[in-house]
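Here is the structure we will look at.
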Amino acid sequence: MSVKDYIRERFFPHIWCAGCGHGIVLNNLLRAVGGLGMSKNEIVMVSGIGCSSRISGYVDFHTLHTLHGRALAFATGVKLSKPELNVIVPMGDGDALAIGGNHFIHAARRNIAMTAIVMNNRIYGMTGGQYSPLSGPGKLATTAPYRNIDQDFDIVKLAKAAGATFVARTTTYHIQQMADILRQAILHDGFSVVEILSQCPTYFGRRNKLGNAADMMKFFKDNTTPIGSKAKKENPELTERGIFVQNDLPEYCAEYDKIIKKAGGSC
Amino acid sequence: MGSQVKFIQGNEVCVEAALYAGLDFFAGYPITPSTEIAEHLAYRLPQAGGKFIQMEDEIASMCAIIGASLTGQKVLTATSGPGFSLMQEALGYAVMAEIPCVIVNVQRGGPSTGIPTHISQGDVNQARWGTHGDHAIIALTASNHQDVFAMTVEAFNMAETYRTPVVLLFDEVVGHMREKLILPQTNEIPLVKRLKTSVDGGVDYHPYLAREDGRLPMSDFGGVHRYNVTGLYHDMWGFPSDNPKIVHGLLRHLVDKIESNADTIARYKEHYLEDAKKVLISYGASARSALHVVNTLRQKGQKYGLLELQTLWPFPHQVIRDRCNGAEHIIVVEMNLGQICREVKNAVDHPDRVFLANRVDGVFINPSDIRQTLRLIQGRGV
Ligand SMILES: Cc1ncc(C[n+]2csc(CCOP(=O)(O)OP(=O)(O)O)c2C)c(N)n1
Ligand code: SF4
């Protein structure tokens, strides 16, 4: 199936700015899903609030556009009550890791099968460019006019430590890798986290003088490298891309089915 | 047929009733004095093939039951004051997206952490207005175990009928005390099933287009209709809209579907009201003491009556007017600073005849507390 078969044309045009990375994620997510041969009726997309979270409106799945930061909690209810559904949860970096940080670590800890996609543009896009827990020190934002003093999270390390059984990172420049990682993440039987470095030219780019969308994507190309590459050894400043964790551990819904058996119920 | 009589806690009664009503999914976070509901369901739900999950907090619990409801399940969460505060944003989401769900708040004394193990009825207005924005809500309560059972089943039925969250406002005394429950037989109380759409797959389904009777047939997530659910104002497909006509129409629909059915939703009990000159109005545990007072005064030949409210929201204005018209005095008995008393004053023609008998110190209001107020009203001092 082509990407067009997965979108709701009725609801276009989309709300994103020209050059926003979120559209690239939408495209590659649908390419990844297209390669899986799943029925659209088996897929639920749950999102929170933010520019990134609007992605759920445009796809022809069962879609649940929820509250800022709470997507994973809603998704847990969907998944546990109907484990046969494939649940995909795209989130902004603020959505996933500021207001939603608690749900993020606990969903990872439970290893409940769903795909958490963090569209990391290092800023609060929807509300007009305030700093996020991913902005990093020294960056400018409307709420950091003297430059940011907040340290940022490393999403990969955080997800790993919290117990996610699939953890990966890619960027909007590396679209082949993005589609490939997303495909594997969706197939993974456990909690998977995919961080996608994405650009917000409108707020993060402009305020921090990072150029236009193409310049910001070129930055991803020049400053990232495959996991364990020679380049990384030579330049430890580079950010690694690829799959960091891919483990086979007991999945939450399957474990709960065992509880039902133990209790003598039938599911 | 085994023993149908039980001697259990109010919180356990709520569990029995939820299972009777067909509960499939519970998500919650422990908090006194509601915790026994979660504990019993952790044990009982999987026996019935249902799912129980202890979430990371009450925000997540409320969100999880909404997600589960969308797959076609009957869902419940249970909490007390501080947890109920945390649930308010998602409760508003359930109002906006019209998600059937039941929320139990076994009240304790607030504000804040307050007085966890003691009684209060201080969350009556929070149940009404806790979430932001204009909206309507259904809240039910009960004073004894048989009624806790009945109202819990009602809550599930109303949640489905009106596609709305329903709040069960119990209190620490009813939740924790033990008394007799006669378990209703299967099929003794009618259960409302989810209204599902009859539209075939492939045909345009409008999840948010109300039928003439105001009801909206649903389609389960995972089924043949893929649609959008959002907390934003939305059109008939569930897609966000800021069209003023759509915004106004949806808000009116959300409010009217409940407020215009206030008479149908009203549940109450009448004691000696036919010829009562003085009417006590009460609900929840307070109504136990109020009934005791009325019973003893009647034995002395005094014409007192009791109107026990079980539906608190939408407030049954008409019931109050009908039953209290002509009463010399109306005495509202509750354990807060007059949250229902204020509503009663609004409902009647002579608000100056309405008095409050209350207690707000964490101690259960007893018959002599009420009698003291009655004496004061009669100008007899205490
Ligand atoms: C409870 C709550 N707090 C704050 C907001 C306002 N708000 C909406 S989106 C957002 C941040 C969006 O940033 P991010 O999640 O990184 O996504 P982006 O828009 O950058 O894609 C905020 C603070 C809200 N909607 N709800
Ligand atoms: S504000 Fe930033 S994140 Fe939002 S749509 Fe525009 S570019 Fe994208």
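The figures follow:
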quantity	calculated
Rel. contact order, % - alpha carbon contacts under 8 angstrom, at least six apart, region B:269-379	29
Exposure of B:D263 as accessible area (Å², to 10), given a probe of 1.4 Å and all protein chains	110
Accessible-area order (highest first, 1.4 angstrom probe) of the listed residues A:T170, B:T264	B:T264, A:T170
Sparse-neighbour loop sites [trypsin sites (Lys or Arg not before Pro); region A:62-154; at most 13 other C-beta within 10 Å; DSSP]	A:R147
Separation of the A:Q176 and B:S198 label points, Cα + 7 Å toward Cβ, nm	5.5
Magnitude of the charge dipole, region B:269-379, Cβ model with Lys/Arg +1 and Asp/Glu -1, debye to 20	280
Using alpha-carbon coordinates, inclination of helix A:71-81 to the longest axis of chain A, degrees	20
Rg and Dmax of chain B, Cα atoms only, in Å	21.2, 75
Length gained when the stretch B:D361-B:E328 is fully extended (0.36 nm per residue, less Cα-Cα span)	9.0 nm
Alpha carbon Rg of chain A, scaled by the compact-globule rule 2.2 N^0.38 Å	0.99
Region B:275-317: trypsin sites (Lys or Arg not before Pro) falling in loop per DSSP and having at most 13 other Cβ within 10 Å	B:K277, B:K300
Most fluctuating residue given options B:G223, B:G130, B:G110, as computed from a GNM of chain B linking Cα atoms under 10 Å	B:G223
Accessible-area order (highest first, 1.4 angstrom probe) of the listed residues A:M91, B:M177	B:M177, A:M91
Probe 1.4 Å - accessible area at B:H132, Å² to nearest ten	150
The protein assembly as shown - Rg over Rh from alpha carbon coordinates, Kirkwood radius	1.04
Simple label model, 7 Å out from Cα along Cβ direction - B:F7 to B:H206, nm	5.8
Degrees between helix B:367-377 axis and first principal axis of chain B (Cα, 0 to 90, nearest 10)	70
Folded to 0 to 90 degrees: helix A:175-187 orientation relative to chain A principal axis, Cα	20
Sites B:H317 and B:S112 - FRET efficiency at Förster radius 30 Å, r taken between beta-carbons, to 0.05	0.40
Value of [θ]222 nm, deg cm²/dmol, for chain A, DSSP H segments ≥ 4, -39500 (n - 2.57) each, nearest 500	-10000 deg cm²/dmol
Within-12-Å neighbourhood charge of A:R241 [Cβ basis; K, R +1; D, E -1]	0
Range in chain A, longest, excluding exposed GluC sites (Glu not before Pro) [loop by DSSP; at most 16 other beta-carbon atoms within 10 Å]	A:85-236
Interface burial for A against B (accessible surface, 1.4 Å probe, total of both chains, Å², rounded to 100)	3500
Neighbour cut-off at most 11 other Cβ (10 Å), DSSP loop, GluC sites (Glu not before Pro), region B:257-345	B:E274
Surface accessible to a 1.4 Å probe, B:Y208 within the full protein complex, Å²	30
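The values are calculated or read from the model by the stated rules, or taken from the named source; none is laboratory data. The structure displayed is predicted, hence computed values, not measured ones. FYI the Cβ positions are ideal-geometry reconstructions off the backbone, even for glycines, and counts take in every protein chain you see. SASA here: full protein model, heavy atoms, side chains in, ligands and nucleic acids out. Shrake-Rupley method; radii C 1.70, N 1.55, O 1.52, S 1.80 Å.
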